[in-house]
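Structure, as structure tokens:
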Amino acid sequence: MKDYLINKITEFIMDNGDSYFDFLDGAAYKKPLIKFASAKDPIFGDFKEIIGEFHLTPKEVFEMSHGEGTFENGSVISIALPYSDEVIESNRNRDWPSEKWTLMRTFGIDDFGILISNYIKEILTKKGYRAVNPCTEKYHGKVMSETGPSSNWSQRHIAYATGMGTFSLNAGFITEKGIAVTLFSIVTDLVVKSDDRTAKNHTDNCLFFHKGKCKKCIKKCPANALSENGIDKEKCFNMGYGEKAQNYAKSVGANPNSGSGCGLCQVGVPCESQNPTKPKIK
């Protein structure tokens with residue numbers, strides 16, 4: 001069932017990613033990465049201490065959607081969609097996000113994310129399983145924590161739990177196909193074999209933490225939200241989702257509430273399309 005899901009999800013994304021976006025000349029994404037974790041993995045409980053008590057566990061999101069007592073065991077599916085060269089190149093050498101990058105925030109993440117999750121839920125339902133995409137549910141949202149805006153279902157932390165990659169100095173997420181990716185996740189009562197977390201620690205793929213060098217993302221940030229100490233979440237949030245970003249999104253035909261997403265620190269850097277600590281994969 002695991003291989004079946006990977007093949008079906010990959011086919012769906014690659015087929016639709018080439019035709020769904022009329023503002024692009026070619027495909028929106030490269031071949032996705034798909035990883036699995038047990039819904040009972042203790043790491044999901046750890047996130048309540050690492051992120052905040054408000055962060056939900058797989059069991060909590062499943063039962064909030066399907067009812068109390070409906071979840072005994074299952075899996076969490078994390079999907080990383082690497083942006084195509086066309087999308088990435090459009091956002092290089094700029095001090096403000098490109099039109100294509102901004103449109104991808106609305107149509108490539110919000111709208112396409114619903115399309116993907118509905119397709120996965122349909123596949124699982126036909127096989128007798130249930131599923132939920134927490135980020136499309138009413139209970140999903142931002143929480144103002146002590147460190148700034150936080151999510152009660154962090155796609156990056158979920159991806160880390162599945163062994164998809166590690167965090168970076170700019171608080172992005174570096175997969176084997178780089179940091180310029182979109183992350184989605186699904187919780188299901190289907191039980192499959194988990195993927196291994198092979199990273200030595202939660203920042204192992206970042207050159208700054210791995211070898212004490214790089215810091216190119218700091219230079220790329222026009223909002224001065226980055227430093228060797230990490231990220232100023234409020235400055236970053238305002239750059240990508242503040243009033244100026246919302247007005248810009250509206251002007252190019254994107255959803256103002258989705259902002260521009262910025263992403264300037266994710267392009268033109270060594271981790272753009274690969275794990276810089278390892279040989280590049282195709």
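Remarks
- Label zone (D15, point 7 Å along Cα-to-C-beta; backbone nitrogen cut-off 20 Å) within segment 119-160: 119-128.
- Computed over segment 2-266, the alpha-carbon pair-distance distribution with 5 angstrom bins reads 1, 6, 12, 17, 20, 18, 14, 9, 3, 1, 0, each value a whole percent.
- Extension gain from D196 to E137, taking 0.36 nm per residue of separation minus the Cα-Cα distance: 18.4 nm
- Between H66 and K278, the modelled label-to-label distance comes to 3.2 nm, taking each label 7 Å out from Cα in the direction of the beta carbon.
- By the Cβ-Cβ criterion of under 4.7 Å, the unpaired cysteines of the chain are C135, C206, C214, C221, C236, C262, C271.
- Segment 135-282 shape via C-alpha gyration tensor axes, a/c threshold 1.5: oblate
- Residue among I120, N224, M64 farthest towards the positive dipole end of segment 2-266, charges placed on Cβ: N224
- Take every Cα pair under 8 Å whose residues are at least 6 apart in sequence, average their separation, divide by the length of the chain, and the relative contact order is 23 percent.
- Summary: within the chain, the longest segment free of GluC sites (Glu not before Pro) located in DSSP loops with at most 12 other C-beta atoms within 10 Å is 147-227.
- Helical runs assigned H by DSSP (4 residues or longer) give the chain a calculated mean residue ellipticity at 222 nm of -9000 deg cm²/dmol, each run adding -39500 (n - 2.57) before division by the residue total.
- Inter-label distance for F54 and S227, nm, one decimal - labels placed 7 Å from Cα along Cα-to-Cβ: 2.5
Taken together, the values in this text are just the output of simple stated rules run on the coordinates, not laboratory data. Every value quoted in this text rests on a predicted model; they were computed, and no experiment measured them. Note that each Cβ is placed from the backbone with ideal geometry, even for glycine, and that neighbours are counted across all protein chains shown.
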